[in-house]
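The values are calculated or read from the model by the stated rules, or taken from the named source; none is laboratory data. Given the structure is predicted, the values throughout are model-derived calculations rather than measurements. Here the Cβ positions follow ideal geometry from the backbone for every residue, glycine too, while neighbour counts run over all protein chains shown. Surface areas here come from the heavy atoms of the whole protein model, side chains and all, with no ligands, DNA or RNA. Shrake-Rupley method; radii C 1.70, N 1.55, O 1.52, S 1.80 Å.
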Amino acid sequence: MKLREEAEQILSGALGPSISTLVFQELSAISRDESHRISHSIRQISRSLRLSRQELAEANRQLAMLKEFSENIIESLPLGVATLDESHRVTYWNTSMELITGAEKSDALGKDAGGLLTCLEPRLFSAVIKEGEITCRRNFEPLSS
């Protein structure tokens, strides 16, 4: 009985509760040999799902480590790095940006970049230009080229 409950639980998670119920309703009308084959298949599915969950957990752990590693590199750059969303709101602001602009990360996140980075060429925020590098003087005036 425990195997049946476990199998129902696994199938319910993998296929949904209604399909699981249908499968087990049909089990009562099958032969013992068919029942053993189905049980074997359910155990294989269970093992496969367990392995998939473990692999997914490991991939998530590695992704988190890579994210932290990348953020540490960007954070330690002697250059100001800011990322913006499609609405030009700040989504990332490194320590150098704090020093350059005087705006702390906590104050910059979620704010409109145009207001924080007044030295930027207004065209940078148009739909045509999606990325770029701008050099500003300390007083936030654009450098003339």
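Quick notes on this one:
- Arg47 modelled with pLDDT of 75 or more, part of a helix (DSSP H, G or I) and either open to solvent by 100 Å² or more (accessible area, probe 1.4 Å) or not acidic (Asp, Glu) (or both): yes
- Single match in Lys105, Lys111 (criterion: surrounded by 11 or more Cβ atoms within 10 Å (Cβ to Cβ), modelled with pLDDT of 90 or more and in contact with a Phe, Trp or Tyr (Cβ under 8 Å, 6 or more places away or on another chain)): Lys105
- So Arg47, is it within 17 Å of the chain's Cα centre (by Cα) and either over 14 Å from Leu116 (Cβ atoms) or touching a residue at least 40 places away in the same chain (Cβ under 8 Å) (or both): no
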